[in-house]
Amino acid sequence: MSTRKTMRTLAVTAVLGLGLAACSSQGGAQQEQGGGGGGSGGTVDTERFTIAMVTHEQPGDTFWDRIRAGAEDAAAAHNIDLKYSNGAQAPEQATLVQNAIDSQVDGLAVTLAQVEQVGPAAKAAADAGIPVVAFNAGKDEYSRFGAKMYFGSDETIAGQAAGQRLAEDGAQKVLCVVQEQGHVALEARCAGVAASFPNTENIYVQGTDLPSVRSTIGAKLQEDPAITHVIALGAPFALTALESVTDAGSQAKVATFDLNVDAARAIQEGRILFAVDQQPYVQGYMSVASLWLNLTNGNDLGGGGPVLTGPSFVDSTNIDQIVDYAQNNTR
């Protein structure tokens, strides 16, 4: 069995602890007729649904490759026509949600990073009778806008845990790099870091312009040699921060939220301290799979609360295993 197929099974069992007898590691829609599993799904004659996934993905951010890989695997497993789209700006994302409503999709998975702008569009989908799940951002607000379920990390808890780890590493002053001002999950991360490590300063950068990110962080490190640790809120920005540290002649150490293969290798090499992983593959997979369960069997997961996919720390103690998953685009 390939690593991707193994991860597909683990994604379901790790988050839900459910057997889902109708869905083998090959998925319900790919299972041959007469195979194990009863109920409404799990065979090639399963009804085909169309599910829209609308995210706030920014160009060049490899984090979303994991979200999309999970969503596509779930779609392949459950005979779903997945319509993925993204808008980095809230008005564009809201328009994409409205487009999904207009095309009469069977289900909608949406991120609520700019919740007050995108939330009403999600609510319009729910009011139109389209099952909606939120994921990745909007944990505290998703039910207000009609979403049945939520899959993601508690970013405040994740930030607090990261701050504690930085303190244990001997941090004196921490610089928290925010690549998108006003993004609720990113702001919650830095607020969490500051809650457990008060000597934390935020710096706002333009996440779509990595050369600018590099120079902005580098200038700050030169200006303030008291900074001993930099924590980025995404893997590409952590890798850029490493370059900034070199540019500034600083001794600051770098940690990050989220993971990609290059960041995983940097952890393995000891250049990045750790990553706080929210397991985006699982978020993408479960957002689609949960809609399929709702459409075919009326299931709602989480008991009225969010289903948490993190925080999960990746560091020197477990990176040798996880780096292989990162190379497979599942971590």
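Calculated on C-alpha atoms, the gyration radius of segment 39-128 divided by its Kirkwood radius gives an Rg/Rh of 1.00. Across segment 276-318, the relative contact order, built from alpha-carbon pairs under 8 Å that are at least six residues apart, equals 61 percent. Full extension of the segment from Thr95 to Gln321, taken as 0.36 nm per residue of separation minus the current Cα-Cα distance, would add 77.3 nm. Which one, (1) 138; (2) 116; (3) 164, gives volume of the Cα convex hull per residue in Å³ as derived from the coordinates shown? The calculated read-out lines up with (2). Computed on the chain, with alpha-carbon pairs under 8 angstrom and 6+ residues apart, the relative contact order is 19 percent. Apolar share of the accessible surface for segment 86-203: 45 percent from carbon plus sulfur atoms, 1.4 Å probe.
Screening the chain for whole DSSP H helices of 24 Å or more along their axis (Cα) with average Kyte-Doolittle hydropathy at least 0.0 returns 280-297.
For segment 140-292, the relative contact order is 21 percent, taking Cα pairs closer than 8 Å that sit 6 or more residues apart in sequence and dividing their mean separation by the residue count. Rounded if a/c is under 1.5, else prolate if a/b beats b/c, else oblate: with a ≥ b ≥ c from the C-alpha gyration tensor eigenvalues square-rooted, which is segment 134-235? Note, shape of segment 134-235 comes out oblate. For a modelled paramagnetic label at Asp127, 7 Å from Cα along Cα-to-Cβ, the residues of segment 84-98 in reach, with backbone nitrogen under 20 Å, are 91-98. If the chain linking Gln104 and Gln117 were pulled fully straight, counting 0.36 nm for each residue of separation and taking away their Cα-Cα distance, it would gain 2.5 nm. Considering only beta bridges that DSSP places wholly inside the chain, some 10 percent are antiparallel. Accessible surface calculations at 1.4 Å, restricted to protein heavy atoms, place the chain at 39 Å² per residue.
Restricting attention to segment 191-319, close to 30% of DSSP beta bridges with both partner residues there are antiparallel. For segment 250-331, a/c is not less than 1.5, where a ≥ b ≥ c are the root eigenvalues of the C-alpha gyration tensor, and a/b tops b/c. That puts it in the prolate class. When you count the other C-beta atoms within 10 angstrom of each residue and take the mean per peptide, 292-300, 233-241, 157-165 line up highest first as 233-241, 157-165, 292-300. Among the lysines of the chain, pairs at least eight places apart or on separate chains and with Cα atoms under 16 Å apart come to 6.
The values are calculated or read from the model by the stated rules, or taken from the named source; none is laboratory data. For clarity, every value in this text was computed on a predicted model and none was experimentally measured. Reconstructed Cβ throughout: ideal geometry from the backbone, glycine too, with neighbour counts over all protein chains shown. Accessible surface is based on the protein model in full, side chains and every heavy atom, while ligands, DNA and RNA are left aside. Shrake-Rupley method; radii C 1.70, N 1.55, O 1.52, S 1.80 Å.
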